[in-house]
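Right, one structure below, let's go through it.
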Amino acid sequence: KAEATRYSERFSKGFAVLENLMSEGSALESQGKWREANEKYLQVTPELKGRKTPFYWQAQSRAWGCISKLWEGAPDAEKPALEGDIVKAIAALKEIIPKAVKDQDKSGAAVAALTLGAILYQRREWADAVATLSIFTTDLASVETYRCAGLNALVFAGARLGDVKPTERHYAELQKICTDSPLVASAAHAISDAYVEKGQLNSAAKYALLY
């Protein structure tokens, strides 16, 4: 009910049927019913009675986020059986991001970018994760709700990639914009670890003092 009310208050009237699908999907998510939630979100149509659905890309992003959570939570022995699902999710999210940006749904694009970045990070595809999450320094730089999380994820991916210099710039931006967020400390830790791996202990110590 609360989720339905939130969407009703945020978006124009006339989308009650689709708003209900969003709230039902959210309820299924809270129960850990990832496939059912995925199917519910995918029922949200891009248009309703000739009017563009304002939260369509958010629905799409959350749908594939459910598959990400299903894959993430599966034991390692079960992950191979979900490979087809996660590959499909990756492909879908890659398409959603530019389309959502083009449609001016930056929240939808941000959710998709964070989800895709997290998947790629967990698959140790650091360079692709950095490429995906870099959108939080460009097209999604103005999305306040998700920018701190996006920059933090970008720092982590960059640190694991070992590309420390640009990662330091992203950290500085995170520190400036999200000063009071605990994400700043966790990002500093990630950079410190990256410098330790490079054997640059003085630089590692510098960032160690920040968390």
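The values are calculated or read from the model by the stated rules, or taken from the named source; none is laboratory data. Since the model is a prediction, treat every value here as computed from it, not as a measurement. Neighbour counts run over all protein chains shown; Cβ positions are idealised from the backbone, glycine included. Please note that ligands, DNA and RNA were not included when accessible areas were found on the heavy atoms of the full protein model with its side chains. Shrake-Rupley method; radii C 1.70, N 1.55, O 1.52, S 1.80 Å.
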What figure, in Å² to the nearest 10, do you get for the accessible area of CYS66 with a 1.4 Å probe and non-protein molecules left out?
0
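Do the alpha carbons of any pairs in LYS40/LYS88; LYS33/LYS176; LYS40/LYS102; LYS69/LYS99; LYS33/LYS88 sit beyond 27 Å of each other, and which pairs? It would help to have the intermediate numbers written out before the result.
Values: LYS40/LYS88 17 Å; LYS33/LYS176 38 Å; LYS40/LYS102 24 Å; LYS69/LYS99 23 Å; LYS33/LYS88 19 Å.
Check vs 27 Å cut-off fails for LYS33/LYS176.
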Describe numerically, in nm with one decimal, the distance between label points set 7 Å from Cα along Cα→Cβ at THR45 and at LYS99.
1.6
The set of cysteines in the chain having no other cysteine's C-beta under 4.7 Å reads CYS66
Calculate the length of the line joining the C-alpha centroid of the range 51-67 to that of the range 142-159, in whole Å.
21
Cα-centred dipole magnitude for the range 38-149, charges only on beta-carbon of K, R (+1) and D, E (-1), debye, nearest 20
380
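Rounded to the nearest 20 Debye, what is the dipole magnitude of the chain about its Cα centre when Lys and Arg each give +1 and Asp and Glu each give -1 at the C-beta?
Working: 27 positive and 26 negative charges, 88 e Å.
Dipole magnitude for the chain comes out near 420 debye.
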Please compute the net charge surrounding VAL143, taking Lys and Arg as +1 and Asp and Glu as -1 over other residues with Cβ under 12 Å from its Cβ.
-1
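Per residue, how large is the accessible surface of the chain? Use a 1.4 angstrom probe and give square angstrom. Show your work: numbers first, answer last.
Values: 10960 Å² over 211 residues.
Value for the chain: 52 Å² per residue.
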Quickly rank 192-199, 179-186 as a protection proxy: mean count of other C-beta atoms within 10 Å, highest first.
192-199, 179-186
Rounded, prolate or oblate: which one fits the range 114-211, using the alpha carbon gyration tensor with axes a ≥ b ≥ c (rounded when a/c is under 1.5, else prolate when a/b beats b/c, else oblate)?
oblate
